[in-house]
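All remarks here apply to the structure that follows.
The values are calculated or read from the model by the stated rules, or taken from the named source; none is laboratory data. Just so you know, these numbers come straight off a predicted model, no measurement behind them. Positions of Cβ are backbone-derived with ideal geometry, glycine not excepted, and every protein chain shown enters the neighbour counts.
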Amino acid sequence: MNEKERRIESVLASESYIKKVDPSDQLMKRLYAIPFNIQKIKKVPIRVVWSFAAGIALLIALNIFSVRNSTVLNKQNGLQETQLSDTYFSYLKQL
Amino acid sequence: MELDDKSFIELAKRDKNRAYSILVKEYSSKVYNTCVNMLRNSEDAEDVTQDVFTTVYLSLDKFKGNSKLSTWIYSISINKSKEFLRSKTRKKRFGIFTLLEKEDSHFVPRSAINFNHPGVVLEDKERAEILFSAIDQLSENQRLAYIAHKIDGRSYQEVAEALNLSVSSVESLMFRAKKRLKELLSNYYNED
């Protein structure tokens with residue numbers, strides 16, 4: 001085996017120089033804390049989330065409904081105003 | 001406390017948190033070492049290990065024992081490391097440079113690639129950098145199989161199950177990986 005081959009073999013013999021390591025205490029703490037962190041995130045029950053979403057949907061529906069109603073009312077009011085101005089001007093003409 | 005897979009599934013149904021603690025005790029070191037060997041950086045390996053155990057905890061109910069518990073955890077570790085490496089590479093390089101690098105048989109050991117393997121002592125750092133730089137030139141499956149078998153010390157069977165391949169495919173991947181590594185290292189030492 002020549003020098004080059006020896007160097008190649010020494011690089012490839014990774015089991016002789018890459019050792020197993022233990023995870024740090026800090027990491028172990030992080031791993032043991034995972035269930036508690038997940039439970040913390042899950043604290044808001046699904047039912048509450050859905051009722052909140054339903055509330056927002058109801059609010060949006062009410063808004064749309066009231067906007068539609070107000071447009072109809074505005075149209076009706078506009079008609080009444082033209083009628084009123086017509087009678088007012090015809091009254092002035094008579095004078 | 002050591003449990004066989006069947007008793008473990010039973011325990012997980014009754015007390016998920018206790019089952020999870022046993023898993024951490026038994027597999028944290030193996031998962032961390034797999035991640036360190038894949039990522040070669042202790043901080044990244046810690047983050048990915050945490051990610052692996054979060055996935056394990058969340059999918060504990062879905063584990064039905066179709067594969068061995070150790071294989072299941074090992075494949076999660078490999079997939080998470082793979083995802084991490086892909087996202088990191090995407091951020092770092094542009095496609096054209098990756099293509100050029102893959103075709104290059106004259107690699108240069110890159111000591112600046114954030115190499116911080118806690119299992120390698122200082123006097124062996126150069127050797128390890130040369131090896132991992134050469135491993136980086138392999139195709140993804142060759143790289144995963146080589147690291148899993150040669151560095152992690154997993155059997156062909158375990159590697160095959162984790163990578164979703166047949167044992168013969170792993171054998172052939174390993175054969176080609178070793179051949180390619182020898183070529184790369186030979187070129188490197190010719191230039192030296």
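Key figures
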quantity	calculated
Search result, residues across the range B:56-85 that are over 20 Å from B:His149 (Cα atoms), surrounded by 16 or more Cβ atoms within 10 Å (Cβ to Cβ) and either more than 14 Å from the chain's Cα centre (by Cα) or not hydrophobic (A, V, I, L, M, F, W, C) (or both)	B:Val56, B:Tyr57, B:Leu60, B:Phe63
Residue list for the range B:124-156, restricted to those being in a helix (DSSP H, G or I), in contact with a helix residue (DSSP H, G or I) (Cβ under 7 Å, 6 or more places away or on another chain) and more than 10 Å from chain A (Cβ to nearest Cβ)	B:Asn141, B:Gln142, B:Arg143, B:Leu144, B:Ala145, B:Ala148, B:His149, B:Tyr156
The range A:2-38 - residue that is polar (S, T, N, Q) and either more than 9 Å from chain B (Cβ to nearest Cβ) or not in a helix (DSSP H, G or I) (or both) and, of those, farthest from B:Asp44 (Cα to Cα)	A:Asn2
Considering residues of the range B:157-192 that are free of Cβ contacts under 8 Å to residues at least 40 places away in the same chain and either in contact with an Asp or Glu (Cβ under 6 Å, 6 or more places away or on another chain) or among the charged types (D, E, K, R) (or both) only, the residue farthest from the other protein chains (Cβ to nearest Cβ)	B:Glu171
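Okay, residues lined up against (1) at pLDDT below 75; (2) acidic (Asp, Glu); (3) surrounded by fewer than 19 Cβ atoms within 10 Å (Cβ to Cβ):
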position: B:Lys92; (1), (2), (3): yes, no, yes
position: B:Gly95; (1), (2), (3): yes, no, yes
position: B:Thr98; (1), (2), (3): yes, no, yes
position: B:Ser105; (1), (2), (3): yes, no, yes
position: B:Lys125; (1), (2), (3): no, no, yes
position: B:Ile147; (1), (2), (3): no, no, no
position: B:Val159; (1), (2), (3): no, no, no
position: B:Ala162; (1), (2), (3): no, no, no
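Residue-by-condition table, conditions (1) modelled with pLDDT of 90 or more; (2) under 17 Å from B:Val159 (Cα atoms):
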| position | (1), (2) |
| --- | --- |
| B:Val31 | yes, yes |
| B:Asp51 | yes, no |
| B:Thr55 | yes, no |
| B:Gly65 | no, no |
| B:Trp72 | yes, yes |
| B:Lys80 | yes, yes |
